[in-house]
Amino acid sequence: MNLKSFNKTASISLTISLTFLLSFNLLAQNRKKPELQYSGFFDSYYFRGPWAFTLGGGISAYNGDLAKIYNFTQITPAFMVGANYKLWPRTTFGGEFTYFNLQAQDTDTTRNISFTSVNYELDAFARFNLIEDVVRVAADRNRKPKKVKPYVQLGIGAVLFNPVSNYTAPATDTAFMVSEGMAYPRVAFLIPIGFGLSFWMSHRVQILTDLNYKYVFSDLLDDVKLRTKESNKDSYA
């Protein structure tokens, strides 16, 4: 296939990602007894910390120029590790590293394009619990934490992607691939936003389920750039 010339001026597109994950929150032991803090903003006493470490897994699915996400025809695994720290009432700050794959087969049979990609994501986030264990009187300190806590989170990060595209027949003028000898940025910034549920198991273990959207500033996650107005709709779940 004769490749069209690639415009080196990178176009910024809005990419939405959706990630399901299951995390195990392991609470690190603190030998010193935690000191009770007071927050005037939240009008509540609280215990700061401790550090927590997460290990999780989930699935990812592509949506963009080649296929739509609601088909769920080709899902791939995702794995993540992270750490977080409760700094204020209801509020936790943390970071997470995610390894995930993406793949898709073009639903337009006139193009017959497919791609696979290995991706690495690193982000920092702030998590806000919608329900919290409020401590205002001495008796509140001895209550067990709530079993289920919904939360929302927002952050910033970057993704390193390495797509490889293939084709089985000459593509039409509506699309072209840019991987064969063409240079373009393989790192893109992203803004993760999502929500989830935290399930209290013990003082050392929690189970988290997350649903995350990632707004990525790139249109080349699939190694394909369309010559139409619809080319700015790559996303993954």
- Which residues qualify? For Asp219, with a placed amide H closer than 5 Å and at least 5 residues away or on another chain, they are Ser13
- Per-residue accessible area for Thr54 at 1.4 Å probe radius, Å² rounded to 10? 20 Å²
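Could you compute the FRET efficiency for Gln74 and Val152, with r as their C-beta to C-beta distance and R0 at 41 Å, rounded to 0.05?
After rounding, the FRET efficiency stands at 0.90.
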- Query: Using θ = phi - 60° and the Karplus curve 6.51 cos²θ - 1.76 cosθ + 1.60, what whole-Hz ³J(HN,Hα) does each residue of region 74-88 get, with Gly and Pro shown as x?
  - Reply: 9, 9, 9, x, 9, 9, 8, 9, x, 8, 8, 9, 7, 9, 10
- So for Phe199, Phe189, Phe161, what's the accessible-area order with a 1.4 Å probe, most first? Phe189, Phe199, Phe161
- Top to bottom by accessible area (1.4 Å), largest first, where do Tyr184, Tyr215, Tyr38 land? Tyr38, Tyr215, Tyr184
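Could you rank Trp88, Trp200 by how accessible they are, 1.4 Å probe, largest area first?
From most exposed to least exposed: Trp88, Trp200.
The values are calculated or read from the model by the stated rules, or taken from the named source; none is laboratory data. Fair warning: this is a prediction, and the values are worked out from it, not measured in the lab. Methodologically, a virtual Cβ is constructed for each residue, glycine included, from the backbone with ideal geometry; neighbour enumeration extends over all protein chains shown. These accessible areas exclude ligands, DNA and RNA; they are computed on the full protein's heavy atoms, side chains included. Shrake-Rupley method; radii C 1.70, N 1.55, O 1.52, S 1.80 Å.
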